[in-house]
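The values are calculated or read from the model by the stated rules, or taken from the named source; none is laboratory data. Please read these numbers as outputs of a predicted model, since none were measured by experiment. Note that we place each Cβ from the backbone using ideal geometry, even for glycine, and neighbour counts take in every protein chain shown. Accessible surface is based on the protein model in full, side chains and every heavy atom, while ligands, DNA and RNA are left aside. Shrake-Rupley method; radii C 1.70, N 1.55, O 1.52, S 1.80 Å.
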Amino acid sequence: DTVFLKTSSITARSFSFIEFFIPGVIGMTVMTSAVFGTILDENEYKQKGIIRKLSTTPITRSEWILSTMIYQLFLAAISTLLILVVGYIVFGAVLLINIYLPVLVVATAFAFSGLGMLLGRLAKDAQSGVALANVITFPMMFLSGSFFPMEQMPGFLQSFAKVLPLYYVNTGMRESM
């Protein structure tokens, strides 16, 4: 008997750049909108005295925090849906959507809105809050593989990128799609 070896790819099909790009854009969009949205809202509420007035209402701090996070989740869901629709209609991207995508969007929106709330507590006003958010989010956008494959970066930057939370969001989004 003769044994034959047949070489085949372990991936079902090859992916286009737009199919690589869309999950990174979703992760980046959810991160930036959650961080900047919570920082700007919190600083606006501080300046207008709304937070002080809220302390006199029956709403608890945990309810206020949860409502802010749910609002950011709502915005993240809308932006994710829009990115997926535009990617499909305009660019013809064929992405496999499964249960992990909504789970990742929820976790990302909650994590980064929490980060935004923490940064908002450190900021004295809206301008310093935006500057602080830029210091955190801008490096993550470019070092976490949102726009190009991590393999194209030098080794020391790849090691640094694996410390950033957006790296894991982008990896999870790509693996789920």
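Within a straight-line Cα-Cα reach of under 16 Å, K53 can be paired with the following aspartates and glutamates, leaving aside sequence neighbours fewer than 8 residues apart in one chain: D41, E42, E44, E63. The long axis of helix 17-48 is offset from the longest Cα principal axis of the chain by roughly 10 degrees. Against the criterion of solvent-accessible heavy-atom surface with a 1.4 angstrom probe, L143, L81 sort, most first, into L81, L143.
The trypsin sites (Lys or Arg not before Pro) of segment 101-177 that meet both conditions, a loop assignment by DSSP and at most 14 other Cβ atoms within 10 Å of the site Cβ, are K124, K162.
Zone of V90 (label point 7 Å along Cα→Cβ, backbone N under 19 Å): which residues in segment 15-43? Once the point is set 7 Å along Cα→Cβ of V90, 16-33 turn out to lie under 19 Å by backbone N, inside segment 15-43. Here Cα Rg over 2.2 N^0.38 Å was computed from the coordinates, and among [x] 1.20; [y] 1.27; [z] 1.45 the match is [y].
Assuming R0 = 30 Å, can you tell me the calculated FRET efficiency for the pair E151 and F4, based on Cβ-Cβ distance, to the nearest 0.05? Walk me through the intermediate numbers first.
Numbers: r = 33 Å, r/R0 = 1.10.
After rounding, the FRET efficiency stands at 0.35.
Within straight-line reach of K48, meaning a Cα separation under 29 Å, sit the following lysines at least 8 residues removed in sequence or on another chain: K124.
Which of rounded, prolate or oblate describes segment 106-177 when judged by the alpha-carbon gyration tensor and an a/c cut-off of 1.5?
oblate
What trypsin sites (Lys or Arg not before Pro) does segment 5-97 have in DSSP loop regions with at most 15 other beta carbons within 10 Å? Kindly include the intermediate steps, with their values, before the conclusion.
Numbers: sites: K6, R13, K46, K48, R52, K53, R61; in loops: K6, R13.
Hits after loop and neighbour filter: K6, R13.
Apply 1/(1 + (r/R0)^6) to the Cβ-Cβ distance of A131 and I50, taking R0 = 25 Å, and write down the FRET efficiency to the nearest 0.05. List each step's numbers first, then the result.
On the way: r = 23 Å, r/R0 = 0.90.
According to the calculation, E is roughly 0.65.
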